[in-house]
1. In nm, to one decimal, how far is the modelled label at Val46 from the one at Ser62, with both set 7 Å along Cα→Cβ?
2. Could you please state how large a percent of the accessible area of region 198-249 is carbon and sulfur, counting protein chains only and using a 1.4 Å probe?
3. Using a 10 Å cut-off on Cβ atoms, rank the peptides 22-28, 133-139, 203-209 from the highest mean neighbour count down.
4. What figure in square angstrom, to the nearest 10, would you give for the accessible area of Tyr146 with a 1.4 Å probe?
5. How much net charge surrounds Gly210 when only other residues with a Cβ under 10 Å from its Cβ are counted (Lys, Arg +1; Asp, Glu -1)?
6. I need the calculated FRET efficiency for the pair Leu100 and Val18, taking r as the beta carbon distance and R₀ as 35 Å, to the nearest 0.05.
7. Please compare each pair in Lys154/Lys248; Lys58/Lys154; Lys58/Lys145; Lys60/Lys154; Lys60/Lys145 to a cut-off of 22 Å on the Cα-Cα distance and tell me which ones are over it.
8. Which distance in Å, rounded to a whole number, links the C-alpha centroids of region 134-153 and region 199-236?
Amino acid sequence: MMDLIKDWRLHLLVLGVVLITEAIGTIRIEIGPGVIMLLPMLFAIVIGLLLFFTPLVKEKQSKHAEPIITLSVTLLIAKIGVTIGPGLTDLIAAGPALLLQEVGNFGTIFLALPIAVLLFNMKREAIGMTHSVGREPNLGLIYDKYGFESPEGKGVTTVYIFGTVFGAMFYGLIAGFLASFTPLHPLSLAMAAGVGSGSMMAAAVGSLVGLYPELEPQIVAFAGASNLLTYSTGLFVSMFIALPMTEKLYTIFKKWKGGEEKKNEKSA
């Protein structure tokens, strides 16, 4: 921890990125009747990614940055908890919807798994990649059951890294796009933003608040409650439902894929 505190290069780089992105501000791109919001967080991700490939950032700074992310997300979760309090009445009224939003997390299984196995002919890496959105609890689950060096472990690690780098950017863009071009209510999109990742949720909430500033307290409360619910229950859902279901579907798809390949070989 002392090495992190004394890493002046990292602190100066972070300060510089913050000043640059805040100076850029929020950019609104109007497309027809809708608006896509480009938030400072998106610019910070891009600038940070580019800095990684320059002499300014070395392996030392990269390792020291990891605990800072954890601390930042902790502060974010604390802020969300305080914000949820005044909106408890609305949250209780939307109780069934908040609980059912967990079902939406199965979309990675029913949408991504068939594409991975049937279209791209992926092996058991697909189980780790598609059983969930691949955040921290899911990493622990897969590593504990299959091992870090297993195909499943490599799959979930790949999704985690990809989501860490591009997830917030994607969520910020898609939230603004859906809010602008679809009839979905902003509070339903706020609930959908809670996937168990603080950075992804913050990016989506930022876009929604930019479009609906009058609903900021409700958007933050619904997104925060959804995110906390997913984070607290997501591990158990993955452990007892999602992962066994992914294993079963993977076996079915592989048998189907094998049968199709044998038919193609005979016809050839």
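The values are calculated or read from the model by the stated rules, or taken from the named source; none is laboratory data. All of these numbers come straight from a predicted model, not from anything done at the bench. As a convention, Cβ positions derive from the backbone with ideal geometry for all residues, glycine included, and neighbour counts pool all protein chains shown. All accessible areas refer to the heavy atoms of the entire protein, side chains included, with ligands and DNA or RNA removed. Shrake-Rupley method; radii C 1.70, N 1.55, O 1.52, S 1.80 Å.
1. 2.2 nm
2. 73 percent
3. Order by mean packing, descending: 203-209, 133-139, 22-28.
4. Spelled out: Tyr146, probe radius 1.4 Å, area about 50 Å².
5. Charge balance near Gly210 sits at 0.
6. Given R0 = 35 Å and the Cβ-Cβ separation, E is 0.40.
7. Lys58/Lys154; Lys58/Lys145; Lys60/Lys154; Lys60/Lys145
8. Between the Cα centre of region 134-153 and that of region 199-236, the gap is 26 Å.
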